[in-house]
Each structure stands twice: as structure tokens, then as C-alpha cells.
Amino acid sequence: MFSITPSYKSTSKLLNVCALIFLVSYFGKQLVPEVFGTCYIQYTSYLVLAVLLPFGFATSLISRDKKSKKTSPLFLLLSLFMLVMPVVGNVGITLANNLPGTGIATNNKITTQLLKMSVHEELKVRTIGAQQIYRHYGVSVEYRNDSNQFIKYIPSDDDISQYEQVKSTDDKLEETQQMLSKVGLETMYFPLGFAVMFIIIFTLVLRRENH
């Protein structure tokens, strides 16, 4: 029966290839994200390492070459990095999502405060409330004037400009949060997928050697 008995040379070459893929995908993403940060590069490198690392770890363990056996901790170390990195990244994304000031500006708390201002006893406060509602939501509400009649707030050029700035900020924050949520969800499955592939490939190599 075919036996997997790699030499130190072949094992070390495989280790170097794994280390190179790992370093290029990780540091390349930090330095040139528009190239190495794409899903094609990141997912492909992750999948390749999910196959090569358990194979290298298993073959180094069963090798009769003592030097080859010494590479097994390095394969295992790289594997642990592959398991831990997505988890650490997901924790960072979760913390960033929950930091004060990173939520959408037009939230329920602000809405309640502005509505209270728009029905305040003082005209000045009502006017400011109506103005701020427009600046936050782009909606001209009706409020009571000094004659106790309902009039519709007419925004000034400055009000329109303020609303456009708020809307632009809200759109960017929402887009960022959606992206972070998507990345966070994806990275949750990476360690699980890697662990499953590691166990399967590691087991297959050992079973093939034993048979």
C-alpha cells in the first residue's frame, strides 16, 4: 500500500509555502487592501491553507525523518493562527460596532426629544424643535406660532445644507455597519470550517498511512 513518508526537504518546502501564503495574505491585506484584501485572495488563501496545513502537520508527524518531525509544531502554530485570527477580528468588529458615536445619528432618543421641543410652551423652543427635525430628517413639520395657529416650518438654505450633511453621514455609517456585520458573520464560520477541514484531512492522512 502507498505510504506517505516525506523527507525533511519536502516537508520544509511545504512549510515555507504555507508560511509565504499566510504572510502575503495577512500583511498584503494591511499594506495593499485593494489587491490582497479582496475576497478572491483572502478566501482562496484561507482555503489553500486549510488543506496544506493539516496535510503538512500529519505528514510531519508520521515521517521517519527526525528533522521532518520537528516541523510539526510549526504547522500546528500556523494552524492555530488561522483559527484565532478570524475570532480576534470578529471581536474587534463587534467592539467597533458597539462603540459610542458609531450608531446612526437619527435614532429614537433624538426623535423623542425633538418632538417634545416642537410642542413646547415657548415659541422659540417650538421653532428650534421644528428646525432640528428638518435638519435631522428633512421633514417640514407643523407647529404653533405666536397666534396659536399651526404653520409649516419653511427650511432655510442653511437648514437644507445641514440636512444633506446629516443624511450623508448617516448613509456612510449605515453602509459601514452593514459591511462590518457582513464581515463579522463571514468570519464566524471561518474557524469552524478550518477546524472541520483540519480534522478530516489529518484523519485521512493518518488512516492512509496506517493502511
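Where a number appears in this text, it was derived from the coordinates with a stated rule and is not lab data. Model, not experiment: these values are computed from the prediction. Here Cβ is always computed from backbone atoms with ideal geometry, including for glycine, and neighbour counts include all displayed protein chains.
Using each residue's phi in segment 29-38, evaluate 6.51 cos²θ - 1.76 cosθ + 1.60 at θ = phi - 60° and report the 3J(HN,Hα) Karplus result to the nearest Hz, with x for Gly and Pro.
My calculation for segment 29-38 gives 5, 6, 8, 10, x, 5, 9, 7, x, 5 Hz in order.
Tally Lys/Arg at +1 and Asp/Glu at -1 over every other residue whose Cβ is under 13 Å from the Cβ of Asp157; what's the total?
-2
If you plug each phi of segment 192-203 into the Karplus form 6.51 cos²θ - 1.76 cosθ + 1.60 with θ = phi - 60°, what whole-Hz ³J(HN,Hα) values come out, in order, with x for Gly and Pro?
So the Karplus estimates, Gly and Pro as x, are 5, x, 5, 4, 5, 5, 4, 5, 5, 5, 4, 5 Hz.
Return the long-range amide H neighbours of His120 (sequence gap of 5 or more, or a different chain), with a cut-off of under 5 Å between placed amide H atoms.
Counting only residues 5 or more places away or on other chains, the set is Arg126.
Using alpha-carbon pairs under 8 Å, 6+ residues apart, how would you state the relative contact order of segment 108-169 in percent?
That works out to 26 percent.
Where does the charge balance sit around Val125 when Lys and Arg score +1, Asp and Glu -1, over other residues with C-beta under 14 Å from its C-beta?
+1
With viscosity set to 0.890 mPa s at 25 °C, what whole-number translational diffusion coefficient in µm²/s follows for segment 26-65 from Stokes-Einstein and a Kirkwood radius over Cα pairs?
Reported coefficient: 212 µm²/s.
Over 22 Å apart: what share of the alpha carbon pairs of segment 1-74 falls there, rounded to a whole percent?
Cα-Cα pairs of segment 1-74 separated by over 22 Å account for 32 percent.
Would you kindly compute the Cα radius of gyration of segment 108-169 and its largest Cα-Cα separation (Dmax), both in Å?
11.4, 37
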